[in-house]
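A short reminder: the numbers here are calculations on the coordinates, not readings from a lab. Please read these numbers as outputs of a predicted model, since none were measured by experiment. So basically every Cβ, Gly included, is an ideal-geometry build from the backbone, and we count neighbours across all protein chains shown.
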Amino acid sequence: MFDLIAIHLFNFIAGLVFGGILGSFVTMLAYRLPRGKKLDTPRSSCPHCNKIIAWRDLIPIYSYIELKGRCRNCHKPFGIRYLKTELCSALVVGFTLLFYGFTSKTLALVVIFEILLTLGLILSDKGGIKSAPAKKKPAAKEGEDGDESGEDAGDDGAEEEKG
Ligand SMILES: [Zn+2]
């Protein structure tokens, strides 16, 4: 009995950690993909002062709380969007692993969720991208109000990059 609880607890915590990292990656993808930026280099920098963000400040959720969502260098805020996305991803992956363990079903669900989360973030800040084509008003509205859990994560900080 205890072993079973320990295994589930381990799966849940592993899911939280992995989900947080994925959430951080998704935020980076959603920022860079629509802007045609390279995905590998350069490393993430502060949108305000352009200082490269140190590895110790890229720990999902923890770094955000430690720095109160601000740049260590210029102290300007990054936007709550990062924390929301990382938390959302951490919880979804955590609970998926808790219920299904390390299975192909978990892998499929997590991949689908992260793709939807990325698309949701991209759609939610479409209005903020200058190169985007003229937006259709009803479609944009629908995207913002959609019930996909990831889509409410992008109501502010759309112009910023971290993670
Ligand atoms: Zn800064």
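Annotations
- Summarising the label geometry, the points placed 7 Å from Cα in the beta-carbon direction at Arg35 and Phe99 lie 3.5 nm from one another.
- Compactness of segment 14-134 as Cα Rg over 2.2 N^0.38 Å, two decimals: 1.11
- The orientation-averaged projected area of the convex hull spanned by the Cα atoms of segment 68-110 comes to 3.8 nm².
- Based on the Kirkwood approach, the hydrodynamic radius assigned to segment 1-83 is 14.4 Å, with every pair of different Cα atoms included.
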